[in-house]
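Undergrad: I am attaching a structure below and will ask some questions about it afterwards.
None of the figures in this text is laboratory data; all of them are computed from the coordinates on show. Because the structure is predicted, anything quoted here is derived from the model rather than measured. Positions of Cβ are backbone-derived with ideal geometry, glycine not excepted, and every protein chain shown enters the neighbour counts.
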Amino acid sequence: MKYENITRAIFIKRPNRFIAQVEIDGKTETVHVKNTGRCKELLIPGCEVWLTAPGTKDRKTTYDLVAVRKENGILFNIDSQAPNKVVREWLESADYDLIKPEYTYGSSRIDFYMEKGEEKYLMEVKGCTLEVDGIGYFPDAPTERGVKHIRELIKAKAEGYNASLTFVIQMDGVTEVRPNIDTHPEFGQALEDAKKAGVEIIFLQCDVTPDTLIWK
């Protein structure tokens, strides 16, 4: 996945979860943050960030904030739409007969439904942007929706689907994702239940640059 254009900036502050103020060539600019998560350990005043300009007509902001360099030097992609795009590219490199995004199953919309011969697959995708001492953690804020999706995958597995939960690791140097039970213990329990039920847990490692997020 590649952004068409990229601009370096310095992060100033985040007035709310949707926007941030950054400095570009000495001027202050309000930009859209493409991640409604907390990102408190990433978006620190003075840090290096990267912006893309989609060029959409009648936008309130020119730029989207999509990447940030953490104090430890690791570059993070924080675009919440990027994981599904990367997974779509990854799935298209495999030999599935059918790939259908946003598939309705039960009372949820699961990210991907696939077919390969007579086999049916359901895959939910989560982007990981929280890193502590070289380990990825999810979520960075409570996610009842995430728990609901895991419960749907458990149900799908019992009904004969190949069910999987894919964590897209949006940073270099991290190979696994653990449940952030301090933030949301229920998610940790749901993930453990999913493993016991046979739901496959996938860690999709990525190479991150300011303008790309590419699966390894």
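Undergrad: At 7 Å along the Cα-to-beta-carbon direction for both Glu115 and Leu91, put a label point, then send me their distance in nm to one decimal.
TA: Roughly 1.4 nm, to one decimal.
Undergrad: Could you work out the relative contact order of the chain, using alpha carbon pairs under 8 angstrom and six or more residues apart, expressed as a whole percent? The partial results should precede the final answer.
TA: Working: 479 pairs, mean separation 37.3, N = 216.
Value for the chain: 17 percent.
Undergrad: Could you give the length gained by full extension between Ile202 and Lys148, i.e. 0.36 nm per residue of separation minus their alpha carbon distance, to one decimal place?
TA: On the way: separation 54, 0.36 × 54 = 19.44 nm, distance 1.82 nm.
Length difference between fully extended and current span is 17.6 nm.
Undergrad: Determine the alpha carbon to alpha carbon distance for each of Lys116/Lys148; Lys2/Lys40; Lys60/Lys100; Lys70/Lys195 and list only those over 29 Å. Provide the component values of the computation, followed by the final result.
TA: On the way: Lys116/Lys148 26 Å; Lys2/Lys40 25 Å; Lys60/Lys100 32 Å; Lys70/Lys195 31 Å.
Going by Cα-Cα distance, Lys60/Lys100; Lys70/Lys195 fall outside the 29 Å limit.
Undergrad: Extension gain Asp133-Thr175, at 0.36 nm per residue separation less the Cα-Cα distance, in nm?
TA: Values: separation 42, 0.36 × 42 = 15.12 nm, distance 1.19 nm.
Taking 0.36 nm per residue and subtracting the Cα distance, the gain is 13.9 nm.
Undergrad: May I ask you to list the GluC sites (Glu not before Pro) in region 102-158 that are in a DSSP loop and have at most 15 other Cβ atoms within 10 Å of their Cβ?
TA: Values: sites: Glu102, Glu115, Glu118, Glu119, Glu124, Glu131, Glu144, Glu152; in loops: Glu118.
Here the sparse-neighbourhood loop sites are Glu118.
Undergrad: Out of the trypsin sites (Lys or Arg not before Pro) in region 14-87, which ones are loop residues according to DSSP with at most 15 other C-beta atoms within 10 Å?
TA: On the way: sites: Arg17, Lys27, Lys34, Arg38, Lys40, Lys57, Arg59, Lys60, Arg69, Lys70, Lys85; in loops: Arg17, Lys34, Arg38, Lys40, Lys57, Arg59, Lys60, Lys70.
Qualifying residues, ordered by number: Arg17, Lys40, Lys57, Arg59, Lys60.
Undergrad: If you don't mind, another one. Can you tell me the dipole magnitude for region 82-215 around its Cα centre, using point charges on the Cβ only (Lys, Arg +1; Asp, Glu -1), in Debye to the nearest 20? Each step should come with its number before you reach the end.
TA: Details: 15 positive and 25 negative charges, 96 e Å.
I would put it at about 460 debye.
Undergrad: PRE reach from Glu186 (point 7 Å along Cα→Cβ): which of region 28-50 fall under 15 Å by backbone N?
TA: Within reach of a label on Glu186, which here means backbone N under 15 Å from a point 7 Å along Cα→Cβ, region 28-50 contributes nothing.
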